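Engineer: The structure under discussion is supplied below as structure tokens; questions concerning it will follow.
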Amino acid sequence: MILLAALVVSIVFAAGTYLLLQRDLTRVVVGIILISNSSVLFIIASGLMQGGAPIYPLASGRPDVASDPLVQAMALTALVIGFGVAALLLAMIYRLYAAYGNVDAEEIAVAEMREAEALDQLDESPEIEEIPAEEQDADPDERATTVKPLRTR
Amino acid sequence: MTDSSTNHVLVVLPVAIPWVLAAVLALLNGRRRWIGLLAAAGLGTCFASLVWLATSVLREGTVTTIAGGWTEGAGILLRADALGVIFALVSVAVILIALLYEISLGVRWRLFPALLLLITAGLNGLFLAGDAFNFYVFFEIAMTASFILTGYREEDHQMRAAFIFAVVNLLGSVIFLAGIAALYTITGSLDMTVITARAQLLDPGGVIIIGAAIFAAFCLKLGLFPFHFWLPAVYVGSHAAVAAILSGALANIGSYGLLRFGAGILPRELKLGSGAVLILGTMSIVYGALQAVSRRNTSEVLAYSAIGQVGYVILALGIGGPVGYTAAILYSVVNALNKGVLFLAAGLRGPLVSVAFAIGAFSVAGVPPAAGFLGKLAVFKAGIAADTLAVSLALVALIFLGGALSFLYSFQIYQRRFMASNDKVEPSPLAARIVVTGLATLLLIVGIFPEPLVLFSETAAGVLTGARP
């Protein structure tokens, strides 16, 4: 049973890691979800025992054959944390999509580098982040999809 | 001995004040000045409650309480000892100063003050946690709020850096959670004192894998050398206040976690792995310093400087013993203040700012009378106290080399930003400049009157070695 649990945890973790290294950012988020769920499985695996429900009055009358409730509580907490964090990551991806028009990690990096280079041609004051005049001369194909930053504050 | 109800209030207050205030302020418009100042007042009250807690801890030893009034062994333990309190004090101080700085420059998000309060609540919760899983929960609270904080940029370019930060730190959190679950599996408890007692009875071969996993998770959080790749991407282009909070408050989670879980809970495994820890610290110092010297952009130099500085903490941790732990704690505290001054001053212009930045630069280099000298001195002492003569010589030479390189890159930044005369650039708001100068003055004061901080660090290290209850 423990071997089976270990195999499942490792397979899920491996799948999550493979997805984490992909270009498409939605797959990266799915990878993170898989990885956090693999840790939840790991938590559950630390309480693998046959026993009755740990609720009074106990079915068998003996407390040492009840399942471990602490493991279940930890797993629930970890699941909720994973859910919240996954929602946050998806919101971030949506923000990136609204800014760049796609969710491909490489293309976003290229677009960002272009913007950073254009900003570097300004005076040396990186805190004043305005869109410089040089950016409007950039390649119109790429620029057309890069919309103005989202003003939904 | 204070009675249990006072204990309960003492330990819960630093977590409850920012949490409740965050819930209230999240509904209001944080861009307005008075709401920002209300949040700052809340942080000030939280700081005062921590000072009260600190006096109680230093006078009477560790203050513990069980949440919800449950019996011992059944409830979640909250424990305030000198180690947790010193980290909480410095983290709240840095967050408070960063908030005042941002208010004087103009807050851009409605949620910004509430976010900072949530980070404070999470940080205080984890510094005062006596239960491993509770530590993890507050760790996640602080980290989730910080993921949102790294997105605090004017334009949406650089949002990718926030995403990278989130993904990498989540990976660290998952590894840490797996480590906690494994500790539960082998010791059968989540209470830190119980885990410490039971882990010593087990075979070190199995426990060291768990120790390695937890070590990796916290090093990822700190930005130590092999796990540093996310740091420059996140710091470059971020606002000064956000960078100051990331390096001055959130990095403390890593230092505290290594001290608490490494030196406190699994000291035998830390001793077994001390060679690897020393090597990683060395590589981090050298890599950070060399990269910092070769960069041009101010934020990049400071980011690599952060990577280098945490190498000193790891070095002191690897040396171990009361001298080593004192050095690690002292260096973490001083480093948090240094990074606060440097990042905040690098974002401003005007007459007082260059003085503040120079003080911060002296502090990073370890030149008296700035507080950084204390940290370097403590690490030197720890280096001399290492086991063999060869190791001692190598460590002392390394620390000296790191100090020299940090002097070099700090003044490279100073030269580039503050020495070139820039008449057409207007000075930043006076309030922000005063805030930064105040923090720099604090560095000077700590450097000139070092005894309180050194005594506090020694008490905190005594908690780890078991000298004091």
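The values are calculated or read from the model by the stated rules, or taken from the named source; none is laboratory data. Computed from a prediction, not measured in an experiment: that's the story for all the values here. Cβ coordinates were reconstructed from backbone atoms using ideal geometry, including for glycine residues, and neighbour counts include every protein chain displayed.
Engineer: Being outside any helix (DSSP H, G or I), more than 14 Å from chain A (Cβ to nearest Cβ) and surrounded by fewer than 21 Cβ atoms within 10 Å (Cβ to Cβ) narrows it down to one residue among B:Thr55, B:Thr71; which is it?
Structural biologist: B:Thr71
Residue-by-condition table, conditions (1) modelled with pLDDT of 90 or more; (2) farther than 22 Å from B:Leu224 by Cα; (3) within 14 Å of chain A (Cβ to nearest Cβ); (4) in contact with a strand residue (DSSP E or B) (Cβ under 6 Å, 6 or more places away or on another chain):
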{"position": "B:Gly84", "(1), (2), (3), (4)": "yes, no, no, no"}
{"position": "B:Leu116", "(1), (2), (3), (4)": "yes, yes, no, no"}
{"position": "B:Asn124", "(1), (2), (3), (4)": "yes, yes, no, no"}
{"position": "B:Arg153", "(1), (2), (3), (4)": "no, yes, yes, no"}
{"position": "B:Phe176", "(1), (2), (3), (4)": "yes, no, yes, no"}
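Engineer: Give all pairs with beta carbons closer than 8 Å in which a residue from segment B:161-178 that is within 12 Å of A:Gly82 (Cα to Cα) meets a residue that is of a type in the set (D, E, K, R); count only pairs at least 6 apart in sequence or on separate chains.
Structural biologist: B:Ser173/B:Glu140
Engineer: Can B:Ile384 be described as closer than 20 Å to B:Ala461 by Cβ and of a type in the set (Val, Ile, Thr)?
Structural biologist: yes
Engineer: Quick one: would you say A:Ala91 is assigned to a helix (DSSP H, G or I), within 11 Å of chain B (Cβ to nearest Cβ), surrounded by fewer than 17 Cβ atoms within 10 Å (Cβ to Cβ) and without any contact (Cβ under 8 Å) to a residue 12 or more places away in the chain?
Structural biologist: yes
Engineer: So is B:Ala162 facing chain A (nearest Cβ under 7 Å) and modelled with pLDDT under 90 or not?
Structural biologist: Against the criterion (facing chain A (nearest Cβ under 7 Å) and modelled with pLDDT under 90), B:Ala162 qualifies.
Engineer: So, B:Phe343, is that one over 30 Å from B:Val425 (Cα atoms) and of a type in the set (Phe, Trp, Tyr) or not?
Structural biologist: Here the answer is no, as B:Phe343 does not meet what is asked.
Engineer: Would segment B:262-272 turn up any residue that is more than 14 Å from chain A (Cβ to nearest Cβ), within 13 Å of B:Ile307 (Cα to Cα), touching a residue at least 24 places away in the same chain (Cβ under 8 Å) and not aliphatic (A, V, I, L, M)?
Structural biologist: No, segment B:262-272 has no match at all.
Engineer: Across segment A:18-28, what is the total count of residues that are in a helix (DSSP H, G or I), more than 8 Å from every other protein chain (Cβ to nearest Cβ) and in contact (Cβ under 8 Å) with a residue 60 or more places away in the chain?
Structural biologist: 1
Engineer: Counting residues that are within 25 Å of A:Ala91 (Cα to Cα) and of a type outside the set (Lys, Arg), which helices (runs of 4 or more DSSP H) fully inside segment B:104-212 reach at least 3?
Structural biologist: B:112-127, B:132-149, B:159-187
Engineer: Take the conditions polar (S, T, N, Q) and away from every other protein chain (no Cβ under 14 Å) and apply them to B:Ser299. Does it pass?
Structural biologist: No: the conditions fail for B:Ser299.
Engineer: Considering only segment B:450-457, I want to know if a residue exists there that is surrounded by 20 or more Cβ atoms within 10 Å (Cβ to Cβ), closer than 23 Å to B:Gly308 by Cβ and among the aliphatic types (A, V, I, L, M).
Structural biologist: There is at least one residue in segment B:450-457 that is surrounded by 20 or more Cβ atoms within 10 Å (Cβ to Cβ), closer than 23 Å to B:Gly308 by Cβ and among the aliphatic types (A, V, I, L, M).
Engineer: If I ask for residues that are of a type outside the set (A, V, I, L, M, F, W, C), part of a helix (DSSP H, G or I) and farther than 27 Å from B:Ala328 by Cβ, which ones from segment B:410-426 would you list?
Structural biologist: If the condition is that a residue be of a type outside the set (A, V, I, L, M, F, W, C), part of a helix (DSSP H, G or I) and farther than 27 Å from B:Ala328 by Cβ, then B:Gln412, B:Tyr414, B:Gln415, B:Arg416, B:Arg417 are the ones that fit.
Engineer: Here's another thing I want to ask about it. Among the residues of segment A:94-104 satisfying the criterion of being more than 9 Å from chain B (Cβ to nearest Cβ) and touching a residue at least 40 places away in the same chain (Cβ under 8 Å), which is surrounded by the fewest Cβ atoms within 10 Å (Cβ to Cβ)?
Structural biologist: A:Asn102
Engineer: Filter segment A:62-75 down to the residues that are part of a helix (DSSP H, G or I) and surrounded by fewer than 12 Cβ atoms within 10 Å (Cβ to Cβ), then identify the one that is modelled with the highest pLDDT.
Structural biologist: A:Asp64
Engineer: Further, regarding this structure: What residue, among those in segment B:356-409 that are surrounded by fewer than 24 Cβ atoms within 10 Å (Cβ to Cβ) and not in a helix (DSSP H, G or I), is farthest from the chain's Cα centre (by Cα)?
Structural biologist: B:Thr388
Engineer: Would segment B:94-107 turn up any residue that is within 14 Å of chain A (Cβ to nearest Cβ) and aliphatic (A, V, I, L, M)?
Structural biologist: Yes: one or more hits.
Engineer: Name the single residue, out of those in segment A:76-88 being crowded, with 22+ Cβ neighbours inside 10 Å and within 7 Å of chain B (Cβ to nearest Cβ), that is nearest to B:Phe163 (Cα to Cα).
Structural biologist: Applying the filter and picking the extreme gives A:Val85.
Engineer: Which of the residues that make up segment B:336-355 are within 20 Å of the chain's Cα centre (by Cα) and among the aliphatic types (A, V, I, L, M)?
Structural biologist: B:Ala336, B:Leu337, B:Val341, B:Leu342, B:Leu344, B:Ala345, B:Ala346
Engineer: Assess whether B:Val137 counts as being β-branched (Val, Ile, Thr), surrounded by 23 or more Cβ atoms within 10 Å (Cβ to Cβ) and within 11 Å of chain A (Cβ to nearest Cβ).
Structural biologist: no
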